[in-house]
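Just so you know, all these numbers are worked out from the coordinates, no wet-lab data involved. Values in this document were obtained by computation on a predicted structure and should not be read as measured data. With ideal geometry, Cβ positions are generated from the backbone for all residues, glycine too; neighbour counts draw on all protein chains shown.
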Amino acid sequence: MNQARKGLPGLRGGDHVGLTVPDLEEATHFFVEVLGAERFYDIGPIEAARDDMARCLGVDPAARVRMLRFLRLGLGLNLELFEYEAPDQRRDGPRNSDVGGHHIAIYVDDMEAALAHLRAHSVEIMGEPVVRHSGPSAGQSWVYFRAPWGLQFELVSYPEGKAYARGAERLLWDPRDPAR
């Protein structure tokens, strides 16, 4: 029996993740030179009518976007980096445990080589890799690291797959085989 799909009609998947950064050039350097992202294009500055900034973006009516830049990270994560100027701007980001907390997880084929690369670029690694030996994520290793301005990332690797996938009818998107 073919059941109708629930949710947003026409949903294909995520297009991009938007991030506000304190310094667009510093962030671009980190994403391109350290992580290997590809730079695409810029838009800005953007100065909209005061009510548009508040109504459409939920920011202070006096906010303006100095510049936004699109990057692509690996096989499909598009990033939209914003540098804002706003009278009420908070400069400290939420922790993972705070409402709105977040991190960006990126897949690597070789955890040790990726860690050596990050260390060579003086990137803060948060602890040691955790290796999952049981449960649905068995076969996965992960560790967090931080961008220079504090944004948290997670390195993830599961070269032999995760335990849940063995015999599963549906799978999470897998960067090892993006079309699958």
Problem set entry | Net charge dipole size for the chain [Lys, Arg +1 and Asp, Glu -1 on Cβ; Debye, nearest 20] | 780 debye
Exercise. Fewest to most neighbouring Cβ within 10 Å: what's the order for 144, 158?
Worked result: 144, 158
Exercise. Over all Cα pairs of region 47-111, how is the pair count split among 5 Å bins, expressed in % and running from 0 up to the last occupied bin?
Worked result: 4, 13, 15, 19, 20, 15, 8, 3, 2, 1
Exercise. In region 23-180, how does Rg compare with the Kirkwood Rh, expressed as the Rg/Rh ratio over alpha carbon atoms?
Worked result: 1.03
Exercise. At 25 °C and 0.890 mPa s, what whole-number value in µm²/s does Stokes-Einstein give for the translational diffusion of region 13-87, with Rh from the Kirkwood sum over Cα pairs?
Worked result: 189 µm²/s
Seminar exercise, completed: Given backbone amide H placed at 1.01 Å from N, residues whose amide H is under 5 Å from that of residue 78, ignoring those fewer than 5 places away on the same chain, are 17, 73
Exercise. What do you get when you divide the Cα radius of gyration of region 94-172 by 2.2 N^0.38 Å, with N the number of residues?
Worked result: 1.21
Exercise. What angle, in degrees between 0 and 90 and rounded to the nearest 10, separates the Cα long axis of helix 111-120 from the longest principal axis of the Cα atoms of the chain?
Worked result: 40 degrees
